[in-house]
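What follows is a set of notes on a single structure, which appears directly below.
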Amino acid sequence: MRQQSVNRWLTPAGKGNKMQKILPEKPLCGIDEAGRGPLAGSLVIVGVVLLHPVEGLMDSKKLTEKRREALYPSILQHSRHHIVSFSAKEVDALGISACMTLGLEEIMGHLGDYTYLFDGNSRFGVEGIHTMVKADSKVAEVSAASILAKVTHDREMLAFAREYPQYGFEKHKGYGTKMHMKALEAYGRCEHHRKSFRVKCLDGQG
């Protein structure tokens with residue numbers, strides 16, 4: 001699918017709202033996150049305003065790690081951007097939803113007067129955010145944000161893998177794979193695990 005530029009379909013937040021066309025008077029800032037679901041590592045939220053086109057953008061999950069790494073410096077060079085990270089301890093203390101809210105507010109406060117489009121269907125209570133499901137596959141600015149978020153998150157997990165090689169973070173990036181579950185059962189959690197995320201083999205059924 002060809003990615004759209006400025007005039008595009010945006011989904012306003014709120015239950016029952018139908019998709020409607022919004023013609024932004026301001027430049028667009030795309031926002032996406034990485035690390036909302038893993039059992040370990042940081043939640044990373046990124047806002048990107050593209051100053052020049054970047055070739056090859058698409059949903060970060062559809063790109064190879066090598067391709068994401070290649071696009072990362074080009075996106076940084078050709079954009080205004082802001083990267084917000086919440087550690088596992090911060091996620092435990094605040095909760096994912098509160099971290100998402102704070103991250104979106106920080107991005108808007110740092111970047112300023114733009115039209116903001118966030119991938120997904122929730123704006124986490126933040127006024128001035130538009131949402132679109134699968135925006136990371138449709139809108140260049142959101143694709144760029146998804147790549148910065150994914151690379152930032154995965155680089156951290158590679159660093160954690162060197163620190164705690166027994167968990168295999170370099171392979172599953174903190175997600176709850178069978179390999180990760182076996183490691184948790186054998187070694188328990190490390191300091192980079194989210195203690196508020198229940199794991200059956202450690203926390204039981206309840």
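Values quoted throughout were computed directly from the atomic coordinates according to the rules given, and no laboratory measurement underlies them. Here the structure is a predicted model, which is why all the values come from computation and not from measurement. Positions of Cβ are generated from backbone atoms using ideal geometry, with glycine treated the same way; all protein chains shown enter the neighbour counts.
I want the antiparallel fraction of DSSP beta bridges within the chain, as a percent rounded to 5. Before the final figure, lay out the partial values.
On the way: 18 of 27 bridges.
The answer is about 65 percent antiparallel.
How much length, in nm to one decimal, is gained on full extension between residue 94 and residue 51, taken as 0.36 nm per residue of separation minus their Cα-Cα distance? Provide the component values of the computation, followed by the final result.
On the way: separation 43, 0.36 × 43 = 15.48 nm, distance 3.38 nm.
Extra length available between residue 94 and residue 51 comes to 12.1 nm.
In what sequence do 136, 154 fall when counting other Cβ within 10 Å, fewest first? Provide the component values of the computation, followed by the final result.
Numbers: 136 28, 154 22.
With the fewest neighbours first, 136, 154 line up as 154, 136.
According to the Kirkwood expression over distinct Cα-Cα pairs, how big is the hydrodynamic radius of the chain, in Å? Kindly include the intermediate steps, with their values, before the conclusion.
Numbers: mean 1/r = 0.0565 Å⁻¹.
Hydrodynamic radius (Kirkwood, Cα pairs) of the chain is 17.7 Å.
Can you give the convex hull volume per residue for the Cα atoms of region 111-206, as a whole number of Å³? Don't skip to the answer; put the middle values down first.
Working: hull volume 14.4 nm³, N = 96.
Spelled out: Cα convex hull of region 111-206, divided by residues, is 150 Å³.
How far is it, in nm, from the label point at residue 177 to the one at residue 202 when both lie 7 Å from their Cα along the line to the Cβ?
Result for the modelled spin labels: 1.8 nm.
Can you sort 59, 32 from fewest to most other Cβ atoms within 10 Å of each residue's own Cβ? Write down the numbers at each step before the final one.
Working: 59 18, 32 28.
Least crowded to most crowded, the residues run 59, 32.
Would you mind ranking 85, 97 by Cβ crowding within 10 Å, fewest neighbours first? Walk me through the intermediate numbers first.
On the way: 85 19, 97 12.
Arranged by neighbour count, lowest to highest, 85, 97 become 97, 85.
For a quick check of your reading of the filter: which GluC sites (Glu not before Pro) in region 43-150 sit in a DSSP loop and have no more than 13 other Cβ atoms within 10 Å? Numbers along the way, then the final one.
On the way: sites: 55, 65, 69, 90, 105, 106, 127, 141; in loops: 55, 127.
Here the sparse-neighbourhood loop sites are 55, 127.
At 222 nm, what value in deg cm²/dmol follows for the chain if DSSP H runs of at least 4 each add -39500 (n - 2.57) and the sum is divided by all its residues, to the nearest 500? Intermediate values should be presented prior to the final figure.
Details: 7 runs with 78 residues, N = 206.
That comes out to -11500 deg cm²/dmol.
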